[in-house]
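Taken together, the values in this text are just the output of simple stated rules run on the coordinates, not laboratory data. Worth saying up front: this structure is predicted, and the values here are computed from it rather than measured. Neighbour counts run over all protein chains shown; Cβ positions are idealised from the backbone, glycine included.
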Amino acid sequence: MALLPSKSLVFTVRRQEAELVVPCEPTPHECKPLSDVDDQEGHRFHVRGFHFHQSNLSMKGQDPAKVIKEALAKALVFYYPFAGRLREGPNRKLIVDCTGEGVLFIEADADVSLVDFGDELYPPFPCAEELLYDVPGSNGLLNSPLLLIQVTRLKCGGFIFAHRFNHTMADGTGLSQFMAAIGEIARGALVPLTPPVWERHLLSARDSPLITYQHEEYSHNTSGPENGTIIPTDNLVCCSFLFRQSHISSLRRFVPHNLRCSTFDILSACLWRCRTKALELDPNEDVRLICIVNARFKFKPPLPLGYYGNALGFPMASSSVGKLTQNPLAYALNLVKQAKTKVTEEYMKSTMDLLVTRGRPNVKLVGSYIVSDLTRAKFKEVDFGWGEAVFMGPETCWELISFYIPSKNKKGEDEIIVPVCLPASTMKSFVKELEDMMKDEPTVHADI
């Protein structure tokens, strides 16, 4: 594990006025309900992300902002709901009004080169608010643009593609599919290689809702605040941690020989345990790890190829602080693995039924730590003509969630960057706990 240093780079961004990019051909004007997975409370916000692209001699003389804007207008013909606006109906049901009003687009220039950001690219990024400008009045959930894109040209010939999108419209897999379509069209395709599929009714509650799981991951307390320690937010620091293959191998020393586990499993168990230790909570308090799981292939048959809506499950692992921190890593690892196995077709159907009958609640946030794996989302493969991005991921860190961001070193070896946000004093303890994990002798027995 390597704690990546914070960056204090300062530069100037010159923005042109934001404009609306509309589909380049007429599109249907209709109302399309979102799925009951889409419009849950936990998706009702905008997600911000950055993609850094190097210069490419084969694209010399080409303007990335012009190329992307033209391709975006063509891609919106196929993904025309993104050019609409959200409305809210009875029972908080969200509906896309396909008005064709368009998505926001900003063209900008920065007096900085890609190399100035350092050998490793990771959040939080300097001048992030300038590289992705929040157009005043544009970031509401309803009656607002569903997507904002800013393309900032760099001195070196590279550029930064930044986006802000309404999470109710798509998950990471769906958004990367849309962005891939923009890239394909930018490179000369007439239609997306993967035709988009709406079909949101496939993830809607049953006519006679039947909740068959406990769904402890969702908040059931409608009369007051959730129980548990609330992490103070007045002195938060954001740090990114680099995990090389050697670090993951080091953590595997703690895994019993008869226990198969993925990199996601072992990394999640390690982060959850170290974070909980660093917070110094009451040993009797319960803490939770919520895994974000792509459920597309949990259905029989799987969801159609090209489905770009939210298809996420939020299974939860739970433990008392005492058991989590005092047991070896294998204890947490088993909890993570057990949580992931919960996500089945029936689990997802039960989730939809719960969301509809209980007012589309949020997941439990107090006492929770959320992890999301972006290493398979294919964002990095998006190519607008300049090649794949050298970095893709969130612009900053959030206090309750960590993303696993794919990266490669100069040797071409896979690495994972994990942004973490904690109070300053807790962060010091968290770093120490991680360092201790890397050097401790393994213990494989666990009181499970």
Quiz item: When DSSP beta bridges are limited to those with both residues in the chain, what percentage is antiparallel, rounded to the nearest 5?
Solution: 75 percent
Exercise. Name every cysteine in the chain that ends up alone, with no second cysteine's Cβ under 4.7 Å, or say none.
Key: 24, 31, 98, 127, 156, 239, 261, 270, 274, 291
Quiz item: Antiparallel DSSP bridges in region 216-438: what percent, to the nearest 5?
Solution: 70 percent
Exercise. Please sort 362-373, 142-153, 166-177, 10-21 by packing, taking for each peptide the average over its residues of neighbouring beta carbons within 10 angstrom, highest first.
Key: 166-177, 142-153, 362-373, 10-21
Quiz prompt | Ellipticity estimate at 222 nm from DSSP helix runs (n ≥ 4, -39,500 (n - 2.57)) divided over the chain, nearest 500 | solution = -7000 deg cm²/dmol
Quiz item: How much net charge surrounds residue 431 when only other residues with a Cβ under 12 Å from its Cβ are counted (Lys, Arg +1; Asp, Glu -1)?
Solution: +1
Practice problem: For region 385-402, take each phi angle, set θ = phi - 60°, evaluate the Karplus expression 6.51 cos²θ - 1.76 cosθ + 1.60, and give the result in whole Hz per residue in order, putting x for glycine and proline. | Solution: x, 9, x, 5, 5, 7, 8, 9, x, x, 7, 8, 10, 10, 5, 10, 9, 10
Quiz item: What is region 315-410 by shape, rounded, prolate or oblate, if you read a ≥ b ≥ c off the alpha carbon gyration tensor as root eigenvalues and call it rounded for a/c under 1.5, prolate for a/b larger than b/c, and oblate otherwise?
Solution: oblate
Quiz prompt | Normalised contact order of region 216-438, rounded percent, pairs of Cα under 8 Å and 6 or more residues apart | solution = 32 percent
Quiz item: Amide H of residue 415: which non-local residues (sequence gap of 5 or more, or other chain) have their own amide H closer than 5 Å, using H built in the peptide plane?
Solution: 407, 408, 409
Exercise. Calculate one ³J(HN,Hα) per residue across region 303-308 by plugging θ = phi - 60° into the Karplus curve 6.51 cos²θ - 1.76 cosθ + 1.60, and present them in order as whole Hz with x for glycine and proline.
Key: 4, x, 4, x, 5, 10
Quiz item: Across region 48-63, in residue order, what do the Karplus-derived ³J(HN,Hα) couplings come to in whole Hz, using 6.51 cos²θ - 1.76 cosθ + 1.60 with θ = phi - 60° and x for Gly and Pro?
Solution: 10, x, 10, 10, 9, 10, 7, 5, 9, 4, 5, 10, 4, x, 8, 9
Self-check item: Inter-label distance, nm, simple model (7 Å from Cα along the C-beta direction), residue 297/residue 41
Solution: 3.3 nm
Quiz item: Taking the alpha-carbon centroid of each part, what is the distance from region 254-295 to region 395-415 in angstrom?
Solution: 18 Å
Exercise. Round to a whole angstrom and tell me the spacing of the C-alpha centers of region 338-370 and region 132-182.
Key: 27 Å
Quiz item: Using modelled amide H (1.01 Å from N, peptide plane; none on Pro or chain starts), what sits under 5 Å from the amide H of residue 401, excluding residues fewer than 5 places away?
Solution: 370
Quiz item: Under the Kirkwood approximation applied to all pairs of distinct alpha-carbon atoms, what is the hydrodynamic radius of region 216-438 in Å?
Solution: 18.8 Å
Exercise. List the residues whose amide H sits under 5 Å from the amide H of residue 156, counting only those 5 or more places along or on another chain, with H placed 1.01 Å from N in the peptide plane.
Key: 114
